[in-house]
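Just below is one structure, and these are the notes that go with it.
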Amino acid sequence: MTVPIIRRLAALRAKQSDWTRAGEKVGVVPTMGALHAGHLSLVEAAKAACDRVVVTIFVNPKQFNNPEDLANYPRTEHEDAIKLAPYGVDAIYVPDPDQIYPDGFASNVAVAGVADQMEGACRPGHFDGVATVVAKLFLQTGAHQAFFGEKDYQQLLVVRRMARDLDIPIEVVGCPTVREASGLAMSSRNLRLSAAGVKQAGMMHPILTSLAAELAAGGSFAPLGKQAEADILAAGFDEVEYLSLCSAVDLRALETAGGPDHPARLFVAAWLEGVRLIDNVAV
Ligand code: AMP
């Protein structure tokens, strides 16, 4: 049986207040749809931890800094509802645009610090869009826990910071990246790659993991990172927008991996066939 789609905030609130009155723990999985196994792993984590699970699907125009990317973003609501059916979620919230951005909407949630570098620097306004919509989804769903993928690790830290700073009583839970057999991180954007592109994209993860191993062994990032960038281009990518070694806690740039007390992470954004792919791995 497919799960009913809720499009109005009032209907969501009615359900949510029934659940909270019954003392049930509510989990939310925010997505932009075009669901794949990565999203579904978040749904599984939410189902395991919560009594009620709401999946939200909203392609948020405010977080796209590139109009072409927004126009090309896959929209597959019907298929998404079918994919969610076996998971026993309690609601799919696909808000009408005016439920998120009513006429005259004039507010903005801006996070500094962890939002400043990498995605924040390359995509001006992106994290304002993310933080604003996610703050609204947290408040609209009244969820106790929210599930986010480490695939978008910087986003996970931004959202966690935002919820803490704004005293939104929700726990932000990070879940591991789900990958194809090649190691390619699952992403809705992979749908826009040709078969050859998917193959080339699959070469990124082995390059990252071997760089991570060299860094974990004490190597210094400047020369090793340069070589890895060259390897990514040789694999067929058109451009490496950034390849960074950062603290996994506050995303400050590092020259060497800091050891077990100071976990580090490698982050990459690269272009292939006009598609921008991002990934990250622990060092
Ligand atoms: P999106 O629909 O791309 O905005 O993603 C919605 C949520 O799914 C975010 O928390 C993402 O980090 C997460 N996600 C996307 N791809 C993956 C993946 N391959 N593995 C785990 N989580 C993912």
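Per-structure values
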| read-out | value |
| --- | --- |
| Calculated FRET value between ASP238 and HIS78, using beta carbons and R₀ = 51 Å, to 0.05 | 0.95 |
| Taking region 5-175 and dividing mean pair separation by its residue count, relative contact order in percent (alpha carbons under 8 Å, at least six apart) | 29 |
| Using alpha carbons only: equivalent-ellipsoid semi-axes of region 46-186, gyration tensor based, whole Å | 22, 19, 18 |
| Potential lengthening between TRP271 and GLU171 on full extension [0.36 nm per residue; Cα-Cα distance subtracted] | 32.7 nm |
| LYS199 versus ALA282: modelled label distance in nm, points set 7 Å from Cα along the beta carbon direction | 3.3 |
| FRET efficiency estimate (nearest 0.05) - Cβ-Cβ, HIS262 to ALA217, R0 22 angstrom | 0.90 |
| Estimated FRET transfer efficiency (ALA121, ALA22; beta-carbon r; R0 35 Å; 0.05) | 0.20 |
| Over the chain: helical MRE at 222 nm, DSSP H runs n ≥ 4 each giving -39500 (n - 2.57), nearest 500 | -11500 deg cm²/dmol |
| Cut-off 15 Å (backbone N to label point 7 Å along Cα→Cβ of ASP250), residues of region 80-117 | 112-117 |
| DSSP beta bridge pairing in region 5-175, given as percent antiparallel to the nearest 5 | 0 |
| Selected from HIS144, HIS126, HIS262 as most flexible by GNM, with the chain as the system and alpha-carbon contacts under 10 Å | HIS262 |
| Normalised contact order of region 188-282, rounded percent, pairs of Cα under 8 Å and 6 or more residues apart | 30 |
| Candidates THR31, THR177, THR76: whichever shows maximal mean-square fluctuation once the chain is modelled as a Gaussian network with Cα springs under 10 Å | THR76 |
| Cα-only Debye scattering, the chain: base-10 log of I(q)/I(0) at q = 0.09, 0.11, 0.17 Å⁻¹ | -0.44, -0.66, -1.47 |
| Full-stretch length increase - ALA71, ASP103 - with 0.36 nm per residue and alpha-carbon distance subtracted | 9.3 nm |
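None of the figures in this text is laboratory data; all of them are computed from the coordinates on show. Values in this document were obtained by computation on a predicted structure and should not be read as measured data. Methodologically, a virtual Cβ is constructed for each residue, glycine included, from the backbone with ideal geometry; neighbour enumeration extends over all protein chains shown.
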